[in-house]
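The structure appears below as structure tokens.
The values are calculated or read from the model by the stated rules, or taken from the named source; none is laboratory data. Remember, it's a predicted structure, so these values are computed and weren't measured experimentally. Here the Cβ positions follow ideal geometry from the backbone for every residue, glycine too, while neighbour counts run over all protein chains shown. Quick note on the areas: whole protein, heavy atoms, side chains included, nothing else; ligands and nucleic acids left out. Shrake-Rupley method; radii C 1.70, N 1.55, O 1.52, S 1.80 Å.
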Amino acid sequence: MKETIVIKIGGNASDQLPETFFTQLKDWWKQGKQILIIHGGGPQISQWSEKMHLSVKKIDGIRVTNSDTLDITKAVLLGMVQPKLCQFVNNAGLPVIGMNASDNHLLQGKYLNQEEYGEVGQVTNINKTWLNEQLQDQIGILAPLAQTADGHWLNVNADMAAATIAIQLGAESLVLLTDVPGVLNSGKVVPQLTETDANKLYQKDIIKSGMMPKIQASFKALKNGVNQTFITNDLGRPGTQFQYNTTV
């Protein structure tokens, strides 16, 4: 089995991918790695929601999603963000395939807390066999939407989806690519971060609530078999790496 690298790209990051992103993809591809990119689209979803006069509300970084917002989320992720990313990767000379939950029951999920978040879910299972087959000879680009057993679509936080998928694939690395160079403290990147230190920074309001799903996803993956997890804005730089032990 090839080693797998899972990369989550945020909506802002997807519009400003540096050349080093594609250089690193090519290097990993030449090394025989399997590469899966999971993309968000939060800013674009918020923009289109506002255009349609829908309220935009998040609780601890999770978008509250009614049926109208879910329709916009599907349209933005599958009709705008994913095709653009596929084109970028293809233009770099790499084979690529766009994927979503409806492909061979790829992402199965359940409601997170329907009363609080609405049409929001969490990934419970993936079609690992089919996904690995696709990643043998092309880079996968996957939207963070899941389907229930009866085919109902669910909006899933892309960071948590990426962590769950990385765990189920037995990935070597999970990289959360965002629009900041890592977890920041006094304007400087924290190069290594433990869960204890992260909670301390959050309590001091140094880490904001919007960053917490990324941090929680990183530790979830690390605790469940993924060897390395990072938050960065450039695949050429490690940014913040997450660790088990308290740093001195």
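A cut-off of 5 Å between modelled amide H atoms, ignoring neighbours fewer than 5 places along the same chain, links V183 with V190, T240.
Which whole-number percent is the relative contact order of the chain (Cα, under 8 Å, 6+ apart)? Working shown, then result.
On the way: 498 pairs, mean separation 56.5, N = 248.
Answer for the chain is 23 percent.
Just L94, L107, L176 to compare: in a GNM of the chain, with alpha carbon springs under 10 Å, which one fluctuates most? Residue with maximal mean-square fluctuation among L94, L107, L176: L94.
At q = 0.10, 0.22 Å⁻¹, what is the log10 ratio I(q)/I(0) for segment 85-181, with the Debye formula run over Cα points and no solvent? With no solvent term, the Cα-only Debye profile gives -0.29, -1.20. Surface exposure of the chain, expressed per residue as accessible area with a 1.4 Å probe, stands at 46 Å². Taking label positions 7 Å along the Cα-Cβ direction at both N125 and K57, the computed distance is 3.3 nm, reported to one decimal.
In Å³ and rounded to a whole number, note down the convex hull volume per residue for the Cα atoms of the chain.
Numbers: hull volume 30.9 nm³, N = 248.
Taking the convex hull of the Cα positions in the chain, it is 124 Å³ per residue.
Out of the total accessible area of the chain (probe 1.4 Å, heavy atoms of protein only), what percent is carbon and sulfur? Summing carbon and sulfur atoms, their accessible area is 46 percent of the total for the chain.
With a simple spin-label model that places each label point 7 Å from the Cα along the Cα-to-Cβ direction, the separation between T23 and N91 comes to 1.8 nm.
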